[in-house]
1. Among the strands (runs of 3 or more DSSP E) lying completely within region 119-193, list those that include at least 2 residues that are in contact with a strand residue (DSSP E or B) (Cβ under 7 Å, 6 or more places away or on another chain), touching a residue at least 24 places away in the same chain (Cβ under 8 Å) and aliphatic (A, V, I, L, M).
2. Which of (1) part of a strand (DSSP E or B); (2) closer than 23 Å to residue 30 by Cα is the odd one out, the single condition residue 105 does not satisfy?
3. Filter region 70-114 for residues that are under 23 Å from the mean Cα position of the chain (by Cα) and among the β-branched types (Val, Ile, Thr) and give the result.
4. Answer yes if at least one residue in region 75-88 is of a type in the set (D, E, K, R), in contact with a Gly (Cβ under 6 Å, 6 or more places away or on another chain) and modelled with pLDDT under 95, and no otherwise.
5. Within region 46-61, work out how many residues are within 19 Å of the chain's Cα centre (by Cα) and either more than 10 Å from residue 240 (Cα to Cα) or not in a strand (DSSP E or B) (or both).
6. Residue check, residue 193 against (1) on the phi < 0 side of the Ramachandran plot; (2) within 14 Å of the chain's Cα centre (by Cα); (3) of a type outside the set (Phe, Trp, Tyr), all met but one. Which one?
7. State the number of residues belonging to region 170-216 that are within 14 Å of residue 141 (Cβ to Cβ), of a type in the set (S, T, N, Q) and modelled with pLDDT of 90 or more.
8. Please go through region 195-214 and pick out each residue that is outside any helix (DSSP H, G or I) and either within 30 Å of residue 262 (Cα to Cα) or touching an Asp or Glu at 6+ places or on another chain (Cβ under 8 Å) (or both).
Amino acid sequence: MKVAIAGAGMAGAYLYRLLREQGITAHIYDANEPTSCGITSCGWGAVPTVEVQRLISRFLEPSDYELQRFREINIEGVKIKGDMLTIDKPRLIKELLDDAEVRFDPLDTGMYDRIIDATGVVRAFLGPSTIPPLLADCTQYRVRTDQPKELSINISSLGYEWCFPLSDNEYHMGFGNLHGDAEGYTLPTDIMAEVSVCCNCRAKVCLSSPEGTQPFVVGKVVGVGESIGAVAPLAADGIVYAMQTGELLIERWDDPNAYAEEVLRRYDWMNLERRGLNRLIEGRMPLLEELRAFLKHTRMAGFDMRMRHAMYFFRRMLKAASARNARPQQTA
């Protein structure tokens, strides 16, 4: 069987190694990314920690990619206990690909028996989802500073700012929002005064959930990772699920439709999160079952988040959204 993987990010690189483990040679195609590291984003949190280590250890030594490990995260001034990592994603992707040749020429679909779409929000070979995608704009920076900073998230209207420590003096900072406000976002003035910017870029994150990102299989094309909505809608994390969907596909390699059914079953909690996000967009508090799905996700991720925390954070988000909507709109 001739196999092509479209996309050399986290999902594509991990699937490449899984296929090689099965004795299947795959050709990898990618677009030239206009970023200094060649991918977006350059460093990110990865949860749950135990599952990250299990997935990576299938091929590599997990500790080689661990940048920082944290026992708590500061969300809006509330310290939440947990277990979280930031990882060296560019190095991990590079070493998962190993000696693979990444091709940048157009992929000729007629040459292959199966094409894996790992192109994320682009869905270059699966085509558009049947439901319009829910995409968050992100602006992100990798910075250096001698001023120590903690792992933190500050909530905005339908989005948040983050600070993820990568090393003793390097941090990944940014802002993502469903309103599209991220396009004009820059780091706050007080932060800019104390950091030097190594690089920055913009990206979009799909928050549609698998239920809202179908189809997963189109003819001989099968999707993995973000291209099939395997991203937690409220937290916007997807590294673990990019790798997990590759495993699910390998287990059902001869039956892609069974794979699609398993994705919907496995990530049903993402669909509940997405429905809760829809309510936030409408200016309403998520239902109890949607809040419970969110809490289930945070506990799977190793965080000791309680219902009172979730209610507080979502009320802050709704209050910020209400204040934003009340501002006079500028006209040209």
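The values are calculated or read from the model by the stated rules, or taken from the named source; none is laboratory data. Model, not experiment: these values are computed from the prediction. Using ideal geometry, Cβ is built from the backbone for each residue, glycine included, and neighbour counts are taken over all protein chains shown.
1. Working: elements: 135-144, 152-156, 159-165, 170-177.
Strands (runs of 3 or more DSSP E) meeting the threshold: 135-144.
2. Here residue 105 meets the rest and fails (1).
3. Across region 70-114, the qualifying residues are 73, 75, 80, 86, 87, 93, 102.
4. From region 75-88, those of a type in the set (D, E, K, R) are 76, 79, 81, 83, 88; that's our starting set.
Right, trim to in contact with a Gly (Cβ under 6 Å, 6 or more places away or on another chain) and you get 83.
Filter again for modelled with pLDDT under 95, leaving 83.
Yes: region 75-88 contains one or more residues that are of a type in the set (D, E, K, R), in contact with a Gly (Cβ under 6 Å, 6 or more places away or on another chain) and modelled with pLDDT under 95.
5. Here is the first cut: in region 46-61, the residues within 19 Å of the chain's Cα centre (by Cα) are 46-56.
Remaining after also requiring either more than 10 Å from residue 240 (Cα to Cα) or not in a strand (DSSP E or B) (or both): 47-56.
Count: 10.
6. (2)
7. Going through region 170-216 one residue at a time, the tally reaches 1.
8. Matches in region 195-214: 198, 202, 203, 204, 205, 206, 207, 208, 209, 213, 214.
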